[in-house]
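*Asks:* One structure coming up, written as structure tokens, with questions to follow.
The values are calculated or read from the model by the stated rules, or taken from the named source; none is laboratory data. Bear in mind that the values here come from a model prediction, so they are computed numbers and not experimental data. Quick reminder, even Gly has a Cβ in these numbers, built from the backbone with ideal geometry, and neighbours come from all protein chains shown.
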């Protein structure tokens with residue numbers, strides 16, 4: 001072997017010295033990427049949490065819509081459907097009486113009106129002046145109210161059910177109209193509008209309007 005020539009064995013196994021170094025580098029790069037991914041996910045979760053707690057972030061979370069299943073229709077003719085309608089109507093009456101007891105002292109109180117349903121007693125179906133009700137509408141009206149009750153209206157406020165015939169001047173069908181309201185710490189109509197905007201944005205599921213109660 002001439003002077004300065006690299007031994008043949010050293011040339012043959014040069015890769016054994018390089019691979020370990022490459023493996024360590026790859027591991028360090030992988031660890032760095034993993035740390036970066038975790039950091040990004042943490043920042044995203046924090047930002048999402050902050051946005052959820054901002055005013056108006058609950059817009060669209062309320063649900064007063066009619067459930068798509070499990071509600072008897074006007075075409076229901078079985079005795080079981082009639083029984084369901086009767087039980088639902090009785091519960092509507094009980095809840096509206098309960099709501100009236102709670103809100104009767106609130107003369108001139110501002111509340112948020114979230115929607116209403118026109119329902120006649122299933123056992124004695126009475127035609128309404130507008131013809132917009134059916135004796136099978138009680139389960140749907142009850143389901144709509146119970147769905148609204150599952151939402152959180154905020155501290156000092158409650159979701160209640162009233163009969164339209166118990167407050168303000170008479171209107172068509174008011175004896176058969178059950179109204180969903182949110183009562184509580186509303187001093188003005190603007191308070192109600194601001195609350196509606198915070199809860200629903202510009203698209204409430206049914207309606208969200210200021211209503212001033214004047215018990216009859």
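*Asks:* Restricting to segment 107-134, name every residue that is at pLDDT 85 or above and on the phi < 0 side of the Ramachandran plot.
*Replies:* Hits for segment 107-134 are 109, 110, 111, 112, 113, 114, 116, 117, 118, 119, 120, 121.
*Asks:* Among the residues of segment 167-213, write down those that are more than 22 Å from residue 93 (Cβ to Cβ), at pLDDT 90 or above and in contact with a helix residue (DSSP H, G or I) (Cβ under 9 Å, 6 or more places away or on another chain).
*Replies:* Result: 186, 208, 209, 210, 212.
*Asks:* Of all residues in segment 93-111, which are in contact with a helix residue (DSSP H, G or I) (Cβ under 9 Å, 6 or more places away or on another chain) and farther than 14 Å from residue 178 by Cα?
*Replies:* Scanning segment 93-111 gives 103, 104, 109, 110, 111.
*Asks:* Tally time: how many residues in segment 95-109 are under 13 Å from residue 141 (Cβ atoms) and without any contact (Cβ under 8 Å) to a residue 40 or more places away in the chain?
*Replies:* 0
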